[in-house]
Every structure is written in structure tokens, then in C-alpha cells.
Amino acid sequence: MGGQVTTAINAIRTIGVPVTDQDRALAFYVDVLGLDKRLDAPVEQLGGRWIEVAPSGAATSIALVPAKPGVAAGVETGIRLSVADAASLHKELSERGVDVGELPRWEGVPPMFALRDPDGNGLEIVE
């Protein structure tokens, strides 16, 4: 541990989310959450495709990677997506049958709520 490490890393490109059905996941992230599909390419070594989705204009994407032993679906991703109006999106997603959590209001903290994708992967929406 000692001195400072110099590195060429300059950004977070993508965060992988394990899914059991890539087509179903792609439909949820694009058609339900409204993210853009950025990349969809077959990758034989993955046993599926390399799929990236992201909010329009975002620098970081979400890679919908095939679940496999040791990389199971149904995880807490730690991903927090930003939205202008959390209450409106909460209502809309709830009406569409998405598994959404409560919308708590804490003083000094932006409105936020949890949701789960079809594989049970947890994400947060933050205003």
C-alpha cells in the first residue's frame, strides 16, 4: 500500500446485471423502463449475447448478461437510476404491474423507491 497508483481508468463503462432470459430482460429495460438499447451482439463464449441498455445520453450502461452458476440472477444491483419525478414513475410502473416498493419521504433526502426486474434484480429510482 504506499504510494499513489497511476492508472488509465477514466470512467465506468457498464454494470453487469445477470438475467435468465435476455429477450425478456431487454423488453423490460427498454419497453417498461424506457432505456435505449445501445448494443446487442452474439457472443458465443457468454452462451448468449452482449446487450447494453442505458438512459438516453448516459455515459454508463447496464449489460444484461446471461446468468450462470456463480453469477445468479435476483441480486441487489446497487444501480440507482435518476428521474425527474419519482412519484409519477412509481405510479406508472405500479399500474403496469412492475414490482415496486414504497415511496418513502425523508426530510432532506430525494424521493426514491426500489423496483425489481423480471428476474428479481433490485434497482432504485431516485428523483
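The values are calculated or read from the model by the stated rules, or taken from the named source; none is laboratory data. Fair warning: this is a prediction, and the values are worked out from it, not measured in the lab. Neighbour counts are summed over all protein chains in view; Cβ atoms, including those assigned to glycine, are modelled from backbone coordinates with ideal geometry.
Miscellaneous remarks
- Residues in the stretch 60-95 that are more than 13 Å from the chain's Cα centre (by Cα) and either modelled with pLDDT under 95 or assigned to a strand (DSSP E or B) (or both): Pro66, Ala67, Lys68, Pro69, Gly70, Val71, Ala72.
- Taking the stretch 99-127 as the range and being assigned to a loop (DSSP other than H, G, I, E, B) and either over 15 Å from Thr77 (Cβ atoms) or among the aliphatic types (A, V, I, L, M) (or both) as the test, the residues that pass are Glu102, Leu103, Pro104, Arg105, Trp106, Glu107, Gly108, Val109, Pro110, Pro111, Glu127.
- Enumeration of residues in the stretch 79-113 that are among the small types (Gly, Ala, Ser) and crowded, with 17+ Cβ neighbours inside 10 Å: Ala86
- Only one entry of Glu44, Glu76 meets the criterion of being exposed (fewer than 14 other Cβ atoms within 10 Å of the Cβ) and more than 20 Å from Gly120 (Cα to Cα), and that entry is Glu44.
- Of all residues in the stretch 47-59 being surrounded by 15 or more Cβ atoms within 10 Å (Cβ to Cβ) and without any contact (Cβ under 8 Å) to a residue 24 or more places away in the chain, the one that is farthest from the chain's Cα centre (by Cα): Trp50
- Of all residues in the stretch 7-34, those satisfying the criterion of being part of a helix (DSSP H, G or I), of a type outside the set (Gly, Ala, Ser) and over 19 Å from Leu46 (Cα atoms) are Phe28, Tyr29, Val30, Asp31, Val32.
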